[in-house]
Amino acid sequence: MRSLLGVLVARPDFEAGMKEELRFHIEQYAEDLMRSGVPRDEALRRARMELGGLNTVKGECRQARGVYLFDEFARELRYAARLLRKTPGFTMTALLTLAVCLGANLTIFAVIDAILIRPLPFPDAGRLVTMYNTYPKAGVERDGSSVTNYYERRGRIPAFSSLSIYRFGTSIVGEPGSTERLQITQVSPDFFTTLGAGPAVGSVFTDAETTYQTDDVAILSDGYWKEHFNADPHVIGRGIRADGHLRTVVGVLSPGFRFLSSESQLYFPLSSRPEDRLPAERHSGGNVIQMIARLKPGATLAQAQSQIDAQNAALERDDPQAKMMADAGFRTLVVPLHADQVAAIRPTLLLLEAGVLALLLIGAVNLMNLLLIRASARSKEIAVRQALGASQRHVVSEVLVETTLLTLAGGLLGIIAGIGGIRLVAALGADRLPLGAHIHPDAGWAMVALAAAIVLGALLAAPIAWFNLRLQPSSGLQSEARGGTAGRATQTLRHGFVVAQIALAFVLLAGTGLLGLSLKRAMAVSPGFESDHVIAGQISLVGNKYPSPEAGLAFSERLTDELGHQPGVLFAGVSNNIPFSGASGKSAATVVGHVLRAGESPRANYSYGVAGDYFRAMGFSLIAGRFLTGADSRIRVRVCVVDEDFARYYWPQTSAVGHRLFQGSEAGPDAEAFTVVGVVGSVKQAGLTDDAAEGAVYYPYIYRAENNIFVAVRGSVQPESLASTLRRSARQIDPELAVNDIQSMDERIAESLVVRRSPALLGGIFSGIALLLITIGTYGVLSYAVAQRRREIGVRVALGARPEQIRAQFLSVALRLLAAGMILGLAGAWVAGKTMQTVLFHVPAHSPVILAGSAAIIAAFSLIACMLPSRRAARISPIEILADQY
Amino acid sequence: MGKTAALLPGTLDMLILKAVSLKPLHGYGVLLRIRQISGDALKIPQGSLYPALYRLEHQGLIDANWGQSENNRRAKYYTLTASGRRRLREETVGWNRLVTAIAAAMNTRSEEV
């Protein structure tokens, strides 16, 4: 490398020296010749002759010196740059095509890389797994793990070197007067060991710190330590107040620590009472606590799964609920942690990747066509140069340098476009995807971009080089001289490319159409309640002031009462969960008198505890009976309201009102039964596209109290002013409580559709670009065909052909290409539709409307593209042509 | 012209090294010297001389320095380097062995077989 640099630095000296040396030689030789009587001119001529071609000698000298390849490359680079500058229209089109196609690909690649490809930031992250209990026949696909699971499994599953549980949560942190609500994670002592990323300073939690009496310790994230403790090196042992309790700092995590998508600033022990760890609580996960484990080196996922299955089977032998769990299809699944995190979004991301790759292919094919046309236009020059002795290697390397220069410049522009694209997808919600917060362009990403550009350059060069090499010097010159048509093969190639482009664009368009239709169908689904003019916010009733359900109820009643008196507020209510909150909150109910039929398993349904005017605030419809009221909680009457799905399942023939049920999976004493007093309309609980109708039961808040409550407010004013009313009222009652996550129900519904809307939107952008590209491509190829056959057309016009005939001839070429592309596209769209089924909602894989619409759009764009060249062909005047030729 | 012999492939480098080993020479001088020491029998194709010189210089077998020619003009003079001297020795030994062997082979008579 150094010697190459030395050679390059010394190059100007070298050239001058070589020139002087050769001149010296010629002059010396000429002088000797003159001395023997040769005249000066003749002597110089002979001296030059004997040396051979001066340029050849110089070239060989450079080659001998080792600067040859570089010189050659620099020369070719200059030549390529000159050629590109000479055709600004082509160069701009090519660069824009590359920038857009590479930019789109880089954007999606950044997303895929961050979410699907990059391993989790832990040592040997591939060995991390997660486990969850599933009861598919009861309608509960995923129920997390229980504390009991943890104590029963840890240390007893040979395939795991470490196993732990965690629970995400929030906490009010800080001294009174300056508190803030922070994301926290409660973890079992072995959590950091399982991940392989312990605290940078201090220690992990101990087993002794997992009871409510002894868990007053905390581990800080690096960010929290720097921000709140000023990176104090002696932070261990200092105090931090969380939810009113003082905790001692025992450790600080390293700066790079990041667990999945969590933004937790603090880590607390996951405490439990002895009774929480009993076998009776084995199935009480509720999808709140999650379990992770690390496979031992050499152990496989299958081994872990079979060991878990064996342990479950052994434990269920003594379990009184075993029969019911078996009926519910209970199993514990062991799955890779990373794959599990991204499982839901993976098909959509892969679909988008397929979409951008199609776009890149269209762009590449387009470029290849434009390059081929360019090469055809230069075929005479190339043929002459080959006839004059340009080597094959030279012809190939020249093409390679030119296309690579083009794609590298396009790649640089693509990087800029990609940075913009990453901002765009972040705005479209990519940063809220699992592991999506770390989508950003970095050096590695830019390297991938440039590498891709170089590969693309080489791929584009291949057919052009092939075309140039096939030029027989003689035939190339002759066919040009005679003004004949271009080689059949290259024309077929060009046409093939146009067909491929149209087919790919068709598939892209049809696929986007399916996504759009699916989005439209999803948006058309009614959520089951009147979602306009309603806002909901979340309040955590923490601290010493709310030790009991009664205290929570008292707060809820005061708040709804206060809100009810505010201007613009119609109804206000409280529930421990609301639809579209993202929390599931399912549990079992046992209906009095319902006997499980053969093959029927116990069902889990959504369970809510409501206070105030919750139903009216949310805009539920009343089907039968009455809504629950505040009085039901206050005077403690055991009543409940069920939704239509629930009523239809258990009492298909009769009215549900008056029937009785128990909370939980077992019937209790008669006095604990709840009487159904009303039936409300079913609502979409988790999302509009949620087809499962598990049913819901609404209890008075006092019987299903939780510290985390949602407040729903319906008003006659704008949601923004309702939000400030809600904040103000809550602060009036308890200034220490914060209302979080205030959003209108419409916004919540819209947000639940983001995984459908954003791909459809991106697909739309890709399709738009694709249409533009095929228009450019078709236009380019046909214009070239017209330009090339000008003489033939001129002669035919001179011989009496009418302009319409000429126009029809070119249009028919275009139509044939279009038809072929459409047929291929239809086949592609069929395959794409089949592949997309999993991400579609109530849309068949082959919607005739979509296919016909795509065909119409493609046809319209291609026809516009070929109209102009065809008309130009029809207007060719024979006089001009003949004048041109001579 | 009947006396001149075509240069055997691969021998030009060796001849240049030999010529330069006697006295530092410029390119044209190398040409004349080879003609002189071969008794005008070897004709060097002028076009291959300079690429060969540059190659040998690149390989570090000869060194080039600008100096004054006999008629006071600036000219590039080539001298043998230490590794060039070593190479020349090796080539000379190898060449002599080859010549001896070929001569022996070519002088063989049928009764000696």
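The values are calculated or read from the model by the stated rules, or taken from the named source; none is laboratory data. A quick note: this is a predicted structure, and the numbers were derived from the prediction, not measured. When we count neighbours, we look across all protein chains shown, and the Cβ atoms used for this are built from the backbone with ideal geometry, even at glycine.
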For this session: Among the numbered conditions (1) more than 14 Å from chain A (Cβ to nearest Cβ); (2) part of a helix (DSSP H, G or I); (3) of a type outside the set (Ser, Thr, Tyr), tell me where B:GLY10 comes up short.
Result: (2)
For this session: Write out, first by first residue and then by second, each pair whose Cβ atoms fall under 6 Å of each other, whose residues are 6+ apart or on separate chains, and whose first residue, in region A:638-662, is not assigned by TED's automatic domain parsing to the domain that holds A:LEU596 while the second is modelled with pLDDT of 95 or more and crowded, with 17+ Cβ neighbours inside 10 Å.
Result: none
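Filter region A:788-822 down to residues that are within 48 Å of the chain's Cα centre (by Cα) and not aliphatic (A, V, I, L, M) and give me whichever is farthest from A:PRO869 (Cα to Cα).
If we take residues in region A:788-822 being within 48 Å of the chain's Cα centre (by Cα) and not aliphatic (A, V, I, L, M), then A:GLY821 is farthest from A:PRO869 (Cα to Cα).
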Exercise. Mind checking which residues of region A:27-48 are more than 9 Å from chain B (Cβ to nearest Cβ) and part of a helix (DSSP H, G or I)?
Worked result: A:ALA30, A:LEU33, A:MET34, A:ARG35, A:ARG40, A:ASP41, A:GLU42, A:ALA43, A:LEU44, A:ARG45, A:ARG46, A:ARG48
Exercise. When you scan region A:190-299 for strands (runs of 3 or more DSSP E) that lie fully inside it, which ones turn up with 1 or more residues that are free of Cβ contacts under 8 Å to residues at least 60 places away in the same chain?
Worked result: A:217-220, A:239-242, A:245-252
Seminar exercise, completed: Among B:GLU57, B:GLU90, the single one that is outside any strand (DSSP E or B), modelled with pLDDT of 85 or more and touching a Phe, Trp or Tyr at 6+ places or on another chain (Cβ under 9 Å) is B:GLU57
For this session: Tell me, please, whether a residue that is crowded, with 18+ Cβ neighbours inside 10 Å, of a type in the set (Ser, Thr, Tyr) and not assigned by TED's automatic domain parsing to the domain that holds A:ILE774 can be found in region A:96-109.
Result: yes
Exercise. For A:ALA364, are the conditions met, namely being over 32 Å from the mean Cα position of the chain (by Cα) and in the same structural domain as A:ALA110 (by TED's automatic domain parsing)?
Worked result: no
For this session: Of the conditions (1) touching a Phe, Trp or Tyr at 6+ places or on another chain (Cβ under 9 Å); (2) over 18 Å from A:ALA845 (Cα atoms); (3) not in a loop (DSSP other than H, G, I, E, B), A:ALA505 clears all except one; give me its number.
Result: (2)
Exercise. Which residue pairs have Cβ atoms under 6 Å apart, sit 6 or more places apart or on different chains, and have a first residue in region B:14-26 that is more than 14 Å from chain A (Cβ to nearest Cβ) and a second that is of a type in the set (S, T, N, Q)?
Worked result: B:PRO24/B:THR79
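Looking for whichever is at pLDDT 85 or above, assigned to a strand (DSSP E or B) and of a type outside the set (Ser, Thr, Tyr) here; the options are A:VAL683, A:VAL676, A:VAL717. Which one fits?
Within the list A:VAL683, A:VAL676, A:VAL717, the selection yields A:VAL676.
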Seminar exercise, completed: When region A:167-215 is checked residue by residue, the ones that are in contact with an Asp or Glu (Cβ under 8 Å, 6 or more places away or on another chain), crowded, with 16+ Cβ neighbours inside 10 Å, more than 18 Å from A:TYR151 (Cα to Cα) and not β-branched (Val, Ile, Thr) are A:SER171
Exercise. Before we move on, is A:LEU596 in a loop (DSSP other than H, G, I, E, B) and not β-branched (Val, Ile, Thr)?
Worked result: yes
Exercise. How many residues are among the basic types (Lys, Arg), assigned to a helix (DSSP H, G or I) and more than 30 Å from A:GLY59 (Cβ to Cβ) if we restrict to region A:69-127?
Worked result: 1
Exercise. Can you find a residue in region B:35-47 that is more than 14 Å from chain A (Cβ to nearest Cβ), at pLDDT below 90, surrounded by 12 or more Cβ atoms within 10 Å (Cβ to Cβ) and under 25 Å from A:ASN55 (Cα atoms)?
Worked result: no
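Report yes if some residue within region A:780-791 is outside any helix (DSSP H, G or I) and in the same structural domain as A:VAL498 (by TED's automatic domain parsing); otherwise report no.
Scanning region A:780-791 turns up at least one residue that is outside any helix (DSSP H, G or I) and in the same structural domain as A:VAL498 (by TED's automatic domain parsing).
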For this session: Among the residues of region B:64-92, count how many are more than 14 Å from chain A (Cβ to nearest Cβ) and within 22 Å of B:ARG35 (Cα to Cα).
Result: 9
Problem set entry | Sole residue being among the polar types (S, T, N, Q), more than 11 Å from chain B (Cβ to nearest Cβ) and under 21 Å from B:PRO51 (Cα atoms), chosen from A:ASN55, A:ASN105 | A:ASN55
Problem set entry | Close pairs (8 angstrom Cβ cut-off, 6 or more residues apart or separate chains): among the basic types (Lys, Arg) in region A:830-847, outside any helix (DSSP H, G or I) anywhere | A:LYS834/A:ALA845
Exercise. Do we have B:TYR54 as closer than 24 Å to A:GLY59 by Cβ and free of Cβ contacts under 8 Å to residues at least 24 places away in the same chain here?
Worked result: yes
Exercise. How many residues are outside any helix (DSSP H, G or I) and of a type outside the set (Phe, Trp, Tyr) if we restrict to region A:610-651?
Worked result: 22
For this session: Look at A:GLU15 and say whether it is out of contact with any Phe, Trp or Tyr (no Cβ under 9 Å at 6 or more places or on another chain), at pLDDT 85 or above, part of a helix (DSSP H, G or I) and away from every other protein chain (no Cβ under 11 Å).
Result: no
